Amino acid sequence: METRAAAIAITGGAGGIGSSLVRRLRTSGRRAVSLDLRPCPEATESYQLDISEESAVAMAFQRLDALAGLVCIAGTNMRGRVEELPWEDWRRVMAVNARGAMLAIKHASPRLEEGGSIVLVSSVSAHIGTDGYTAYHASKGAVLGLMRAASGEFAPRSIRVNAVSPGWVDTPFTDRALDETPDGEAVRAQAADAHILGRMAYPGEIAEAIAFLLSDEASFITGTELIADGGYLRKR
Amino acid sequence: MRGSGELAVAAITGAAGGIGRDVARAFANAGYNTALLDRNLPCLPEATQGISTAVDLTRPGEVAAAFDRIGCEFGKLDALVNLAGINHCSPVSRMDADDWDRMMDTNVGSMFLTAKHGIPLLERSVGPAIVNMASVSGHVASPDYPAYVATKAAVESFTIALSQEVGPRGIRVNAVAPGWVNAGFTDHAKSESEDPARLDEAARDAHLLGRMAEPSEVAAAVLWLCSSGASFVTGQTLFVDGGFMRKH
């Protein structure tokens, strides 16, 4: 399945989904480079940076060798309804989730080998709206738009660009979001029921979907969104 | 691939077709026993364990009998792959109602019948999955193929409905939507076309990747959706279209 020697760069490699993907790739003999605010000890190389800062992103990618793939997972969340959300919070979410993905693609581009693969992590949040997650919903919609646009741009180099959209995933990111929600425990209790499969995803299941799109098994898949949500969107 | 000790079993309809042969081979290579179903008696891929049955998938009695045989032979089913499909070139204004029915029965009705008779066997598996063959044609109309367009849209709606029904029992249901595939089905469409050369060029232009899919690329996606790697994917359509939808 995995035949390339070149590395995979992963933004948000230290997070729940990211570290799971790093382990998945390392297990199958791939080199995985993490770009994250926090270190990722399991990665082949780990760069600590803010993915929304262009100079830092540019510097990190300049130090890398050829890449077989880029995965953009780094994301953040700020609660607030439209009328209450501070401009700075809106910009922070957009900077990490949307600009960060754009910057990673921009600076990974010279390193990406022909036939490579880019995977952006969006969310079912791109398709729905929930009170208080204004910026997150908007940013994940932007990620899908970026994916579609980039798929055309990179097609002449036979580089595929796709997105994976999870529903609820059992990660520290989800724990933090629920901690900040007034009725967090009630929401968690309902989360399982919100999926056709009756549970949240394990991070490893999202990592598997990303690994599939990175692999040559997905050689004719580009410009599309793989929704790995256990039937969350279908149940609404 | 499925990570379990005992041999997995896959039933594949339309297994004698251009995509079907590659799907059958992919499942056999991944270690599945295969039950190949088709109007024409499909040949088992080399070095394959399994059975091969000639069946009219639009006849309830024949479908029931075919799945009875799968039950007797293997005792369970891990993957049900519905590929059987036909095409018919006619605008609505000249459409023969019998041709319309034949399209609906073959392209969608067959999936209903195989699900109906396959589900009891799928319930005996750990991590069972159904994959239905949809098409970009369910989203983008081709002028002379209204029946095909309608059946392929119906496949996706049926996939969503079935995923709801059997999800609580642990059965995942998804669809794969290819663009143009370099297989006999496309050759047949070309033979019906007034200008096959232009059709070839259109096929190249239609995809971001500048070519049609090889059947093996569609087979790889079908196999993945049935694997444990796709354990949180259900009710979805996976486009294996080289960017066809993105270009439209």
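Quick note: the coordinates plus some simple rules give every number you see, no bench work behind them. This structure is a prediction, so every number in the text was calculated from the model and none was measured. We place every Cβ from the backbone using ideal geometry, glycine too, and count neighbours over all the protein chains shown.
Cα-Cα pairs above 35 Å in the protein assembly as shown: how many percent? Tail fraction, whole percent: 33.
Give the average, rounded to an integer, of partner chain Cβ atoms located within 10 angstrom of each Cβ in B:242-248. The per-residue average across the peptide is 6. Computed over the protein assembly as shown, the per-residue total of -39500 (n - 2.57) for DSSP H runs of n ≥ 4 gives a 222 nm mean residue ellipticity of -12000 deg cm²/dmol, rounded to 500. Evaluating 6.51 cos²θ - 1.76 cosθ + 1.60 at θ = phi - 60° for every residue in the stretch A:221-233, the Karplus couplings come out as 9, 8, x, 10, 10, 9, 8, 10, 10, x, x, 4, 5 Hz, glycine and proline recorded as x. Measuring spread by the Cα atoms of the stretch A:21-126 yields a radius of gyration and Dmax of 14.9, 49 Å.
For the stretch A:142-236, the gyration tensor built on C-alpha atoms gives a prolate shape. Its axis ratio a/c (a ≥ b ≥ c) is at least 1.5, and a/b is the larger of a/b and b/c.
Indicate the gyration tensor shape class of chain A (rounded, prolate or oblate), computed on the Cα atoms with a ≥ b ≥ c the square roots of the eigenvalues: a/c under 1.5 is rounded; otherwise a/b larger than b/c is prolate and the rest oblate. Here chain A falls in the prolate category.
Legend: distances between Cα atoms for A:LYS140/B:LYS116; A:LYS235/B:LYS116; B:LYS116/B:LYS247; A:LYS106/B:LYS152; pairs beyond 28 Å are A:LYS140/B:LYS116; B:LYS116/B:LYS247; A:LYS106/B:LYS152. Other protein chain C-beta atoms within 10 Å of residue C-beta, averaged over B:18-31: 0.
Compute the Rg to Rh ratio over the stretch B:157-231 from the alpha carbon atoms, using the Kirkwood formula for Rh, and round to two decimal places.
With Rh from the inverse mean 1/r over Cα pairs, Rg/Rh is 1.12.
Taking the Cβ-Cβ separation of A:THR44 and B:HIS248 as r and a Förster radius of 45 Å, what is the calculated FRET efficiency to the nearest 0.05? With R0 = 45 Å, the Cβ-Cβ based efficiency is 0.70. Evaluated on the stretch B:92-226, the Kirkwood hydrodynamic radius is 16.4 Å, with distances taken between all distinct Cα atoms. Lys/Arg Cβ at +1, Asp/Glu Cβ at -1, dipole of the stretch B:68-219 taken about the Cα centre: which of B:SER216, B:PRO128, B:ILE70 is farthest positive-ward? Checking the options against the dipole of the stretch B:68-219, the answer is B:PRO128.
The base-10 log of I(q)/I(0) for the stretch B:22-100, evaluated at q = 0.23 Å⁻¹, reads -1.12 [Debye formula, identical scatterers on Cα atoms, solvent excluded].
The coefficient of translational diffusion for the stretch A:70-117, derived via Stokes-Einstein from the alpha carbon Kirkwood radius under 10 °C and 1.306 mPa s, stands at 129 µm²/s.
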